[in-house]
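The values are calculated or read from the model by the stated rules, or taken from the named source; none is laboratory data. Note that the coordinates shown come from a computational prediction; the quantities given were computed from them, not determined experimentally. A quick note on method: Cβ atoms are made from the backbone with ideal geometry, for glycine too, and the neighbour counts reach across all protein chains shown.
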């Protein structure tokens with residue numbers, strides 16, 4: 001499938017016209033709507049390309065290793081590292097990721113993670129819609145954010161402790177201007193006050209956990 005940043009940004013603009021709720025929150029404050037393309041702009045890499053409604057490149061991920069990895073680095077449009085996400089080496093913890101601000105070298109032992117993201121393992125299926133929990137400290141019993149929905153269907157919500165939706169993943173229209181987007185291109189909506197970069201970081205971890 002061939003897509004360009006221009007065609008993707010045009011589709012975001014059209015989607016804003018069709019769905020005005022993407023432009024502002026219930027309180028009247030503007031939200032951020034980004035188009036996420038599950039593809040790196042570098043031919044030899046796997047990754048993600050994220051653009052805004054004006055066609056500007058705002059986030060990118062370029063990975064030379066395919067499939068599941070031990071570390072992910074989210075960069076801004078200029079290539080500056082924003083978050084480093086590293087899979088926890090403790091085998092007792094299933095699919096737990098440590099999130100650091102900026103770029104952290106592999107051998108670095110200083111600095112503390114700013115978030116811990118744990119995949120939900122629900123044997124009794126009491127909360128089947130919960131995908132992952134986000135904690136500020138590894139010892140916290142109460143989550144800071146919870147992710148629910150279905151990543152495979154590109155339909156997820158990130159909610160805070162009060163169950164307020166702070167970010168959301170939505171599928172794009174199946175057909176838009178004769179372009180079939182499928183699951184490779186989707187929309188990330190971030191409410192005012194929530195870090196759009198961190199929301200994109202959560203998308204990367206969901207992709208690792210459920211793809």
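Evaluate the stretch 132-140: report whether one residue or more is at positive phi and touching a strand residue (DSSP E or B) at 6+ places or on another chain (Cβ under 8 Å).
no
Checking residue 211 against (1) in contact with a helix residue (DSSP H, G or I) (Cβ under 7 Å, 6 or more places away or on another chain); (2) modelled with pLDDT under 95, which single condition isn't satisfied?
Only one criterion in (1) in contact with a helix residue (DSSP H, G or I) (Cβ under 7 Å, 6 or more places away or on another chain); (2) modelled with pLDDT under 95 is unmet by residue 211, namely (1).
If the Cβ limit is 6 Å and pairs must be 6+ apart or interchain, which residue in the stretch 192-205 that is outside any helix (DSSP H, G or I) pairs with which residue that is surrounded by 23 or more Cβ atoms within 10 Å (Cβ to Cβ)?
Between residues of the stretch 192-205 that are outside any helix (DSSP H, G or I) and residues that are surrounded by 23 or more Cβ atoms within 10 Å (Cβ to Cβ), the close pairs are 194/167.
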